Amino acid sequence: MNEPYIYDANATGPPQLSDVIAKEKSASIAIDAILRSESLVRAISGDSDDFSKGLTLLLPTNKAFQALDDIPDGIELVMKRHFIPQVVTPQMMEHGTTVFSYERTASLRFTSSQDKVYVQADRRAPTAVYGTGVQADSGTYFLVDELFV
């Protein structure tokens, strides 16, 4: 699926995550990567049984991609590590919880310290999670400045 998603300002009903993240200018590279994967587009559009328990997206910023020399091969797999097939609230993050990403591609451990929330993907160094979550009908997203490669 290589056709870009187009935000529909005339759509009725609550916005889907696809509509909301389309406006997130600081994560345009990640959004482009997501839109190249049929399964991830279905997830952010609320059209995936794999996310029947909810969707929490740790959306990498452009800064995360710019820290790399090249966009890695297998970007779809990398992006799946940022999709959590359940609701993870800011309170759950603050109190510390561990969840698996989509298709169990990574173990994500949330911790907090000095009023900041961090996520550690597998054995990588923890990275900050920004914001209190932007909600849409099909899920919630938070920004992170790291790509879980």
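Here are some notes:
- For segment 67-74, the criterion of being in contact with a helix residue (DSSP H, G or I) (Cβ under 6 Å, 6 or more places away or on another chain), at negative phi and surrounded by 18 or more Cβ atoms within 10 Å (Cβ to Cβ) is met by none of the residues.
- Of the residues making up segment 40-65, those that are touching a residue at least 24 places away in the same chain (Cβ under 8 Å), exposed (fewer than 15 other Cβ atoms within 10 Å of the Cβ) and assigned to a helix (DSSP H, G or I) number 1.
- Checked against (1) buried (at least 16 other Cβ atoms within 10 Å of the Cβ); (2) among the basic types (K, R); (3) part of a loop (DSSP other than H, G, I, E, B), K23 meets all criteria but (1).
- Residue check, V117 open to solvent by less than 30 Å² (accessible area, probe 1.4 Å), at pLDDT 95 or above and part of a loop (DSSP other than H, G, I, E, B): no
- As a summary of the residue check, T12 satisfies the conditions (1) assigned to a loop (DSSP other than H, G, I, E, B); (2) β-branched (V, I, T); (3) at pLDDT 95 or above; (4) open to solvent by 50 Å² or more (accessible area, probe 1.4 Å) except for the one numbered (3).
- Considering only residues in segment 84-95 that are open to solvent by less than 40 Å² (accessible area, probe 1.4 Å) and in contact with a strand residue (DSSP E or B) (Cβ under 6 Å, 6 or more places away or on another chain), the one that is nearest to T132 (Cα to Cα) turns out to be P90.
- Selection status of D145, touching a residue at least 12 places away in the same chain (Cβ under 8 Å), of a type in the set (D, E) and surrounded by 16 or more Cβ atoms within 10 Å (Cβ to Cβ): yes
Results for (1) more than 22 Å from Q135 (Cβ to Cβ); (2) touching an Asp or Glu at 6+ places or on another chain (Cβ under 8 Å), shown as yes or no for each residue.
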site: R36; (1), (2): yes, yes
site: L58; (1), (2): no, no
site: T61; (1), (2): no, yes
site: I75; (1), (2): yes, no
site: V99; (1), (2): no, no
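- Exactly one residue out of T98, T111, T140 is assigned to a strand (DSSP E or B) and open to solvent by 70 Å² or more (accessible area, probe 1.4 Å), and it is T98.
- Filter result (over 19 Å from R104 (Cβ atoms) and more than 12 Å from the chain's Cα centre (by Cα)) within segment 42-56: S45, G46, D47
- Scanning segment 126-137 for residues that are part of a loop (DSSP other than H, G, I, E, B) and either modelled with pLDDT of 95 or more or within 12 Å of P60 (Cβ to Cβ) (or both) returns a single hit, P126.
The values are calculated or read from the model by the stated rules, or taken from the named source; none is laboratory data. The model shown is predicted, which means the values in this text are computed figures rather than measured ones. Here Cβ is always computed from backbone atoms with ideal geometry, including for glycine, and neighbour counts include all displayed protein chains. These area figures cover heavy atoms from the full protein model, side chains too; ligands, DNA and RNA do not enter into them. Shrake-Rupley method; radii C 1.70, N 1.55, O 1.52, S 1.80 Å.
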